[in-house]
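Worksheet for the structure shown next.
The values are calculated or read from the model by the stated rules, or taken from the named source; none is laboratory data. Please read these numbers as outputs of a predicted model, since none were measured by experiment. Every residue, glycine among them, receives a Cβ derived from its backbone with ideal geometry; neighbour counts consider all protein chains shown.
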Amino acid sequence: MNRRILILGNSRLVVFGFRGELIDELVERGCEVYVAFPNGPFGEGSKESASRGCKYVEVDINRRGKNPAEDIGLFRKYRQIMQKVKPDAVLAYTVKCDIYGGLAARSLRIPFFPNITGLGKALDEGGLSAIVVRRLYKSSIKEACCVF
């Protein structure tokens, strides 16, 4: 049986621009690869996914937003995707994907591999936002298989 891999990112560039070779290799090795990120104004996410042989799941992410309701919605969306796809592993890139994807994967006991490319603007600004982000990050990666 082929492994199912779910990759979370906040844009087409993050997923295919920086992780395209990884995706191509996973597909070539027979993995069923799902990618989840915003589609973009011209549907470039779904088009490139199809051309690379992976399955696309659209997810709206307000990359710079600090609205707790939106973030809870993102966590729920990731959880729904994971329940439907039933991945063997979840890889995530960027702060919100790492945090909410990690919390969703942890809640469903799915192996999680976050890639911390930076800590985001919230930590730079300090204050309450930085405290909340730090705590969420710690919780989301607490049981990660490996943190890159």
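Pairs under 6 Å by beta carbon, first residue more than 18 Å from K66 (Cβ to Cβ) in the stretch 132-147, partner modelled with pLDDT of 85 or more and assigned to a helix (DSSP H, G or I), six or more apart or different chains?
Between residues of the stretch 132-147 that are more than 18 Å from K66 (Cβ to Cβ) and residues that are modelled with pLDDT of 85 or more and assigned to a helix (DSSP H, G or I), the close pairs are I141/G102; E143/R106.
Could you please find all residues in the stretch 103-115 being of a type in the set (G, A, S) and either buried (at least 19 other Cβ atoms within 10 Å of the Cβ) or under 13 Å from R4 (Cβ atoms) (or both)?
A104, A105
Could you look through the stretch 61-75, keep only residues that are charged (D, E, K, R) and in contact with a Lys or Arg (Cβ under 8 Å, 6 or more places away or on another chain), and pick out the one that is farthest from R4 (Cα to Cα)?
It comes out as R64.
Which residues, counting only those in the stretch 63-77, are surrounded by 12 or more Cβ atoms within 10 Å (Cβ to Cβ) and aliphatic (A, V, I, L, M)?
Hit for the stretch 63-77 is L74, nothing else.
Filter the stretch 48-62 for residues that are of a type in the set (A, V, I, L, M) and surrounded by fewer than 14 Cβ atoms within 10 Å (Cβ to Cβ) and give the result.
Taking the stretch 48-62 as the starting set, the residues that turn out to be of a type in the set (A, V, I, L, M) are 50, 57, 59, 61.
The answer is A50, and nothing else.
Evaluate the following for R134: is it modelled with pLDDT under 90, in a helix (DSSP H, G or I) and either farther than 17 Å from R19 by Cα or of a type in the set (A, V, I, L, M) (or both)?
Answer is yes for this residue.
Applying the selection to the stretch 82-102, what residues are part of a helix (DSSP H, G or I) and surrounded by 20 or more Cβ atoms within 10 Å (Cβ to Cβ)?
So the first thing to find is which residues in the stretch 82-102 are part of a helix (DSSP H, G or I), and the list is 82-85, 95-102.
Hits for the stretch 82-102 are M82, V95, K96, C97, D98, I99, Y100, G101, G102.
I'd like the full set of residues that are under 14 Å from the mean Cα position of the chain (by Cα) and either exposed (fewer than 15 other Cβ atoms within 10 Å of the Cβ) or in a strand (DSSP E or B) (or both), limited to the stretch 19-43.
V33, Y34, V35, A36, F37
Anything in the stretch 54-74 that is within 17 Å of V133 (Cβ to Cβ), under 15 Å from the mean Cα position of the chain (by Cα), assigned to a loop (DSSP other than H, G, I, E, B) and without any contact (Cβ under 8 Å) to a residue 24 or more places away in the chain? List them, or say none.
To start, the set of residues in the stretch 54-74 that are within 17 Å of V133 (Cβ to Cβ) comprises 61-72, 74.
Next, only the ones that are under 15 Å from the mean Cα position of the chain (by Cα) stay: 61-63, 71-72, 74.
Pick out the ones that are also assigned to a loop (DSSP other than H, G, I, E, B) and you get 61-63.
N62, the sole residue that qualifies.
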